[in-house]
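**Student:** Encoded as C-alpha cells, here's the structure I'll be asking about.
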Amino acid sequence: MFETSTPSAPSAAAHPDSPDTDDAAPVIFVLAITAPARAIVGGPRDDPDECDNHPGNDEHAHPAGPAGLCNDRSEYASQHIFSFLCSNNWLTAQSRSAKDLYQKPSEGNAYVATSKTLVHRMLNEGGETDRASPTPAKLHRRVRELEELNENFEQATRSVQRVVRLIQPELQRDFAAVDSFSGKEATSVEICELGVDILAGVATEHPDEVGSRANVLVRALSFEPSDYVRSTAANALHLVAEAQGESLSEILPTVIDSMNDPDWKVRHHTTAIVTEMPKAAAEHDGIVSSLKDGLEDPNWLVRAESARAVWNLADAGASHVRMTRSTLLTCLGDEEPRVRRLAGSALAATAADDVENVIDLVERLICDHDQPRKRAGAIRCANGLCTNYPESAEVLTDALVGSLFDSDERVRSAAADVLETFARYLPDRRDNLIDQLVWVLNDSEWTVTTAAAQALAILAEGRPERADELIHPLMNTLEHDSTLARFYSGQSIASFVEDAPETADIVETELTERLVEDDLELKKSVASVLFELDPEGQEHAKRVTRSLIEKRDDSQSDQRTGAAAGLAVIAFTNPDMLAEVDPVVIARPLEDEFISVPEPERVYIRQMTASTVLFAIQSAVFSTVPGVVQSAVEELIAIDPTSNREMRVFGTHALGQETTIKHCEKPETVIRTLAQSITDAEKEVRSRAAAGLLNATEHYPTLVAPYVDALEEGTRDSYFDCRSASTTAIGELGAREPALAERCLKTLEDAHVDDHWQVEVAAYGGFEVIAEIAPEKTGLYLGSLVDGLASIDENVQTSAADAITAILRSDATVQPDPSLRDSLRASATDSTVSDFVRTIVIELVIRTTPSTNRS
C-alpha cells in the first residue's frame with residue numbers, strides 16, 4: 001500500500017526521502033492526464049491555468065470523468081500529486097529532465113500535457129527567491145518565449161541574437177547556489193535545451209548565422225547539468241564547421257577536450273568537427289591521443305568518425321597521425337562494416353611515407369589472417385591504396401581475385417566491391433577483372449551478387465562494346481532468391497541502359513519475355529526494373545506495355561495468358577507505367593467480342609485484365625467508371641481456391657481495394673469473396689483478404705458483421721501480416737457495430753499477447769477505438785492494457801497508453817484493480833518508458849491508491 005506525506009510547502013525538510021541536495025537537487029516533475037482543453041473543462045477555455053477550483057469539493061474525492069481530470073481534481077492535483085510522487089522516490093534530478101515540466105502535447109496525441117497550473121504554483125510560490133537573479137516567473141517567461149521561437153523557424157532565424165542572450169546567463173549559472181525546490185535549476189536547464197535546439201535548427205539551413213555566435217555553443221559544450229545541451233551544441237557546431245571549415249579553428253581547443261565527453265553523441269559530433277578542420281586540428285597537441293581513444297570508443301559511430309578524421313588529417317599532410325596505425329589495424333577487424341571500411345581508407349592514407357611496407361602488410365592480412373573481418377578490412381585498405389598508389393598496389397590484384405572465392409561472404413563481398421576500383425585504375429587488367437565479376441554474379445549470397453552487379457554497372461560506362469555480353473548475366477541475377485539481390489541487380493541494369501543507350505532494345509526485349517514467361521515473384525522484380533529504367537518519362541515502359549498488349553490480343557500467339565499476367569504485374573507494381581496507355585485498349589478483353597480463345601484461357605485473361613483495370617483505377621491512373629468496375633468485379637468474384645496462384649493473389653488484392661469496394665454495385669458479393677479467401681492456402685492471399693475486409697468495415701460494417709468468424713480466424717493465422725490486418729479489422733468492427741463490441745474485445749484480449757509487435761499495436765488500437773463507444777466494457781480489460789505499458793517496444797507502450805487514455809477521458813466510472821499497483825509502480829520507475837506512458841501510469845497508480853493514503 002502506497003502512502004503519501006501530508007501536503008505542505010515544497011521544501012527539502014518536507015521531503016525526507018528526496019535525494020540529498022548536495023548530490024543532486026530534485027527536479028519538480030508533475031504529469032497529469034488531460035484531454036483536449038475544451039473537452040476537459042467542459043467549456044471554451046484552452047488555458048489549463050484557467051481551470052476553476054471548486055471549494056465545495058471534497059479534497060479527497062477522485063472523480064473519473066472529464067471534469068474530474070481537471071476541474072474537480074485541480075485542488076487534489078495541486079496539493080497531493082507532488083507529495084505523492086516525492087514519497088515514492090520518483091522525483092530525482094538524475095531521471096527527470098527539465099523538459100518534463102512543460103512537456104507539450106505531441107502532434108499525434110492531444111491528450112497528455114503537464115499540469116502547468118501546478119508547476120506555476122511551485123515555481124512562483126515554493127522555495128526562497130534569489131533576488132540577485134531572475135525570479136522563477138521571469139525564467140518561465142523566457143521558456144515560453146523560446147517555445148514560441150522553436151515553433152516558428154523563420155522567426156527563430158531572425159532572432160538568433162535574442163536566443164543567445166536568453167541562454168547565455170543560464171549557461172553560466174552556479175547551480176550549487178540554487179535552492180533545489182525553487183524550480184530554478186530545472187527551468188534554467190530547459191532554457192538552455194530550448195535555446196541550443198533552436199540554434200541547431202537554424203544551423204541546418206543558415207550555418208553562418210549561428211557561426212558568428214559560436215562562442216555560446218562552445219560554452220554549452222561544458223554544460224554539465226544536461227547531456228542534451230552538450231550534444232545538441234556539438235551538433236550545431238558540426239553543422240557550422242561543415243560550412244565554414246578551417247575558419248572556425250579558434251573553437252578547436254574546447255572541441256578536442258570534449259572528444260572525451262561522457263556522452264557518446266558529444267564525442268561523435270566533436271570528432272566530426274575535427275574531420276571538417278584537419279589542417280587546424282593537426283597543429284593541436286593531444287589530437288592524435290584523442291583520435292586513438294576515439295578509435296577504441298565503445299560506440300561504433302564514434303569509432304567510424306574517428307577513422308574518418310584520421311583519414312582527413314592524413315590527406316591534409318598530418319604525417320604524425322601515422323601513430324594511429326596500430327589502432328587502425330585493430331579496427332580493420334571491427335564488427336561494424338562501416339568502421340572497417342573507414343579504418344582501411346585511413347590506414348591507406350597514412351601510408352604516404354611507407355607505401356611498400358603498408359602494401360606488404362595488407363597483402364599478408366588478405367591472404368593469411370584467420371579472422372574473416374580482418375581480411376575484409378584489409379581489402380578495404382587495398383581500395384585506398386589503389387586509389388592513391390595504383391602502380392604500387394597492382395601487386396594486390398591476385399590476392400583480391402582469390403578473395404572472390406573466400407569461404408566468408410563478407411570477404412567475397414568486399415573483394416567484389418574493391419575490384420571495381422582496381423579495374424578502373426588498372427586498365428590493362430580491366431577485361432580480366434570484369435570476367436571475374438561476371439562469374440561472381442552466380443554467388444549464393446546477395447551481398448556478393450549485389451557488389452558484383454554494382455561494380456559491373458560502373459564499369460559499363462564508356463565500354464559499350466562489352467555491354468551486350470554483360471546484360472544477360474545481370475538479367476539472370478533477377479532470379480536470385482534474395483529480393484535485395486534482385487533489386488540491386490535491377491538498379492545495375494538501369495545504369496547500363498543509361499550509360500549505354502544502344503542496349504535499350506536488348507533490355508526491353510529481355511524484360512518483355514520475362515514478364516510473359518517467369519513466375520510471379522520474378523515478374524515483380526522485372527516490373528520494378530522496367531520502372532527504374534526511366535522513372536520520369538516511362539518511355540521504356542510504354543514500349544514494353546505495347547508489346548505485351550499485342551501478344552495478349554493476338555489470337556495466333558501462344559503467349560496470350562503470360563502477356564495478360566505481365567500487364568497485371570506492371571499495374572500491381574507501379575500503375576503509373578500505364579499512364580500513357582488507352583484504358584479502353586487495356587480493358588478490351590472484358591468485352592464480349594474479344595478474340596475467340598479456349599474458355600479456360602479466356603477466363604484467365606479476363607480475370608488478369610480485371611485486376612489490371614482495378615489497380616489502375618485505385619491509383620487514379622484510370623478514371624473510375626462504375627460499369628467497368630462492376631464488370632471487373634464480376635470476373636474476380638468467380639475466383640476460387642483452385643484458381644492459379646497469381647490470379648488468387650491479384651484478384652484478392654484488387655477486390656479488397658477501397659475504390660473497388662466503394663464503387664461496385666454489390667459490395668456484399670465482394671465482402672463474401674474476401675471472407676472466403678481469408679482461409680486460402682497462400683499466405684499473401686489471406687493477408688490481402690484481411691486487408692480488404694478492413695477496408696470494407698470502414699464503409700459497410702453491417703455487411704462485414706456476419707463474417708466476424710472469418711476475421712477471428714484471421715487473428716490466429718500463422719502469417720503475422722494476416723493477423724495484424726484481421727486484428728485491426730476486429731477493432732474497427734467492434735467500434736462500428738456496438739452489438740459486437742464485447743465479442744471483439746475478447747478477441748483483442750487474445751491478440752494482445754502476440755509475438756509480433758505489429759499485431760500487439762493493432763490489438764491495442766482496437767481497444768482504443770472500441771473505448772470511444774464502450775468505455776466501461778473496455779475498462780474491464782484494463783489489466784491487458786497495463787501489460788502493454790510494460791512492453792519493451794515503444795510502439796506497443798504508446799498504443800496501450802492511447803487505449804487507456806481513451807477510457808480515462810470518457811464519462812465512464814473506471815476503477816482499476818488495486819492488484820495492478822505493483823506492475824504500475826514498476827512501469828513508473830522504468831527509465832525506458834516515454835513521458836506519455838509514465839503520465840498514464842501515474843494516473844492509474846493514483847486511482848489504485850486508496851484515498852485515505854493520500855492525506
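**Student:** Starting from the range 472-519, pick out the chymotrypsin sites (Phe, Trp or Tyr not before Pro) whose DSSP state is loop and whose Cβ has at most 13 other Cβ atoms within 10 Å.
**Tutor:** Sites meeting the loop and neighbour criteria: none at all.
**Student:** Once the mean 1/r over all distinct Cα pairs of the range 521-629 is inverted, what Kirkwood radius in angstroms do you read off?
**Tutor:** 13.9 Å
**Student:** While we're looking at this one, here's another question. As an exercise, use a Förster radius of 45 Å and the Cβ-Cβ distance of residue 360 and residue 795 to find the FRET efficiency, rounded to the nearest 0.05.
**Tutor:** Plugging the Cβ-Cβ distance into 1/(1 + (r/R0)^6) gives 0.30.
**Student:** How would you rank 609-619, 653-663, 786-796, highest first, on the average number of other Cβ atoms within 10 Å across their residues?
**Tutor:** With the highest mean Cβ count within 10 Å placed first, the list reads 609-619, 653-663, 786-796.
**Student:** Give me 323, 475 ranked fewest to most by other Cβ atoms within 10 Å of their Cβ, as a rough exposure proxy.
**Tutor:** By the 10 Å Cβ count, ascending, the order reads 323, 475.
**Student:** May I ask you to derive the relative contact order of the range 746-810, considering only C-alpha pairs under 8 Å and at least 6 residues apart, and to give it as an integer percent?
**Tutor:** Here the relative contact order equals 36 percent.
**Student:** Using Cβ contacts closer than 10 Å as the measure, can you line up 606, 375, 645 from fewest to most?
**Tutor:** 645, 606, 375
**Student:** Could you give the length gained by full extension between residue 319 and residue 224, i.e. 0.36 nm per residue of separation minus their alpha carbon distance, to one decimal place?
**Tutor:** Additional length available on full extension: 30.7 nm.
**Student:** Can I ask one more? How far is it, in nm, from the label point at residue 145 to the one at residue 811 when both lie 7 Å from their Cα along the line to the Cβ?
**Tutor:** 4.6 nm
**Student:** Something else about it: Extending each Cα 7 Å along its Cβ direction at residue 555 and residue 155, get the distance between those two points in nm, one decimal.
**Tutor:** For residue 555 paired with residue 155, the spin-label model returns 7.4 nm.
**Student:** Would you mind calculating the gained length between residue 257 and residue 285 on full extension (0.36 nm times residue separation, minus the Cα-Cα distance), in nm to one decimal?
**Tutor:** Fully extending the segment from residue 257 to residue 285 adds 9.0 nm.
**Student:** OK, next. Determine which aspartates and glutamates satisfy two conditions relative to residue 265: a Cα distance under 16 Å, and not lying fewer than 8 residues away in the same chain.
**Tutor:** Cross-link targets: 193, 197, 224, 227, 257, 293, 296, 297, 305.
**Student:** Follow-up question, since we're still on this one. With a ≥ b ≥ c taken as the square roots of the eigenvalues of the C-alpha gyration tensor of the range 129-265, please select rounded if a/c is under 1.5 and otherwise prolate if a/b is larger than b/c or oblate if it is not?
**Tutor:** oblate
**Student:** To continue, here is another question. Net charge within 15 Å of residue 619 by Cβ-Cβ distance, Lys/Arg positive one each and Asp/Glu negative one each, not counting residue 619 itself?
**Tutor:** Net of charged neighbours comes to -2.
**Student:** Continuing with the same structure: Sort 302-308, 427-433 by packing, meaning the average of other beta carbons within 10 Å per residue, with the highest value first.
**Tutor:** 302-308, 427-433
**Student:** What length, rounded to one decimal in nm, is gained on full extension from residue 603 through to residue 719, with 0.36 nm per residue of separation minus their alpha-carbon distance?
**Tutor:** Stretched fully, the residue 603-residue 719 segment lengthens by 38.8 nm.
All of the numbers you see were taken from the coordinates with simple rules; none came from a lab. Bear in mind the structure is a predicted one, so any value in this text is a computation, not a measurement. A quick note on method: Cβ atoms are made from the backbone with ideal geometry, for glycine too, and the neighbour counts reach across all protein chains shown.
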